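Each remark here refers to the structure printed beneath this line.
The values are calculated or read from the model by the stated rules, or taken from the named source; none is laboratory data. Predicted, not measured: the structure shown is a model, and the values here were computed from it. Using ideal geometry, Cβ is built from the backbone for each residue, glycine included, and neighbour counts are taken over all protein chains shown. When the accessible area is computed, the model is the full protein with side chains, heavy atoms only, and any ligands, DNA or RNA have been set aside. Shrake-Rupley method; radii C 1.70, N 1.55, O 1.52, S 1.80 Å.
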Amino acid sequence: MSKLHHRAHPEAHRTEHIGWLRAVVLGANDGIISTASLIAGVTAANASHASIVTTAIAALVAGAMSMAAGEFVSVYSQADTEKADLSRESEELLNNPEAEHKELTAIYMQRGLDHQLADQVATQLMAHDALGAHARDELGISETLSARPVQAALASAASFAAGAVMPLVVVLLAPQSSLLYWIVATAIIFLAMLGAAAAAVGNTPVLKSAIRVSFWGTFAMAVTTGVGAMFGTAV
């Protein structure tokens with residue numbers, strides 16, 4: 001009789017990319033939209049080429065720093081909340097382990113296990129890593145999805161700069177007489193590419209993502225360009 005050999009094999013799950021993918025997509029999207037919108041606005045206001053270049057560079061630097069600071073503070077707050085929850089859960093496990101065991105058992109029963117099996121699973125998991133079991137199944141905190149402030153901040157700053165440098169390059173290369181058209185057209189293309197790339201990494205519909213990202217980016221640029229044309233000043 002032949003023996004079946006079961007070998008563990010790694011599986012690539014898309015949730016592993018959620019943390020950095022969200023920060024990267026958000027940063028690049030903001031970089032493209034913010035910088036292209038500002039350029040479109042000052043161009044429509046008949047600003048000089050030097051002023052347009054200065055605006056683009058300022059938008060890149062200020063935006064990248066703002067994204068990094070905002071993302072760090074936001075994710076750090078999430079990390080503090082997770083740490084406080086874990087500390088409280090650790091105290092509860094120390095002071096009232098039986099109640100925590102019943103709580104975990106009830107969670108597994110809600111997921112479809114009968115009482116006896118749920119009790120056994122809770123017992124074995126708590127014997128192996130009680131805090132880890134409660135963090136994952138009660139609090140929804142896992143190593144994959146836990147907050148990483150520095151990683152998120154760096155990813156946001158770098159991705160914003162990468163997104164913002166695209167319209168900046170267009171400003172430097174495109175003729176000023178048709179700069180507004182170049183900025184709008186290339187920004188839409190950049191946004192569509194970003195949406196498609198994010199969809200490919202996340203294994204979601206590419207066309208739908210590309211259309212969604214480019215549509216809202218175009219809307220933002222249209223509003224900013226309209227304001228610039230209406231008032232004839234840099235916005």
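Summary of computed values
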{"read-out": "Among (1) open to solvent by 60 Å² or more (accessible area, probe 1.4 Å); (2) β-branched (Val, Ile, Thr); (3) at pLDDT 80 or above - the single one Thr105 does not satisfy", "value": "(1)"}
{"read-out": "Residue that is nearest to Ala162 (Cα to Cα), among those in the stretch 71-94 that are surrounded by fewer than 13 Cβ atoms within 10 Å (Cβ to Cβ) and not polar (S, T, N, Q)", "value": "Val73"}
{"read-out": "Single condition Leu168 does not satisfy, out of (1) out of contact with any Leu (no Cβ under 7 Å at 6 or more places or on another chain); (2) modelled with pLDDT of 80 or more", "value": "(1)"}
{"read-out": "Filter result for Asp129 (open to solvent by 60 Å² or more (accessible area, probe 1.4 Å), more than 28 Å from Asp30 (Cβ to Cβ), at pLDDT below 80 and not hydroxyl-bearing (Ser, Thr, Tyr))", "value": "yes"}
{"read-out": "Verdict on Ala99 being in contact with an Asp or Glu (Cβ under 9 Å, 6 or more places away or on another chain), farther than 24 Å from Val170 by Cβ and without any contact (Cβ under 8 Å) to a residue 12 or more places away in the chain", "value": "yes"}
{"read-out": "Matching residues, the stretch 12-61, being in a helix (DSSP H, G or I), at pLDDT 85 or above and polar (S, T, N, Q)", "value": "Asn29, Ser34, Thr35, Ser37, Thr43, Ser51, Thr54, Thr55"}
{"read-out": "Pairs where the first residue, in the stretch 14-33, is open to solvent by 70 Å² or more (accessible area, probe 1.4 Å) and the second is assigned to a helix (DSSP H, G or I) and modelled with pLDDT of 75 or more, C-beta under 6 Å, 6+ apart", "value": "Trp20/Ala155"}
{"read-out": "Residue satisfying condition, being open to solvent by 20 Å² or more (accessible area, probe 1.4 Å), under 17 Å from Ala59 (Cβ atoms), without any contact (Cβ under 8 Å) to a residue 12 or more places away in the chain and not aromatic (Phe, Trp, Tyr), within set Val169, Val165, Val184", "value": "Val169"}
{"read-out": "Boolean, Leu145 is modelled with pLDDT under 75, aliphatic (A, V, I, L, M) and either open to solvent by 80 Å² or more (accessible area, probe 1.4 Å) or out of contact with any helix residue (DSSP H, G or I) (no Cβ under 8 Å at 6 or more places or on another chain) (or both)", "value": "yes"}
{"read-out": "Residues that are in a helix (DSSP H, G or I) and either open to solvent by less than 90 Å² (accessible area, probe 1.4 Å) or basic (Lys, Arg) (or both), drawn from the stretch 108-126", "value": "Tyr108, Met109, Leu117, Ala118, Asp119, Gln120, Val121, Ala122, Thr123, Leu125, Met126"}
{"read-out": "Filter result for Ala198 (open to solvent by less than 30 Å² (accessible area, probe 1.4 Å) and either over 19 Å from the mean Cα position of the chain (by Cα) or in contact (Cβ under 8 Å) with a residue 24 or more places away in the chain (or both))", "value": "yes"}
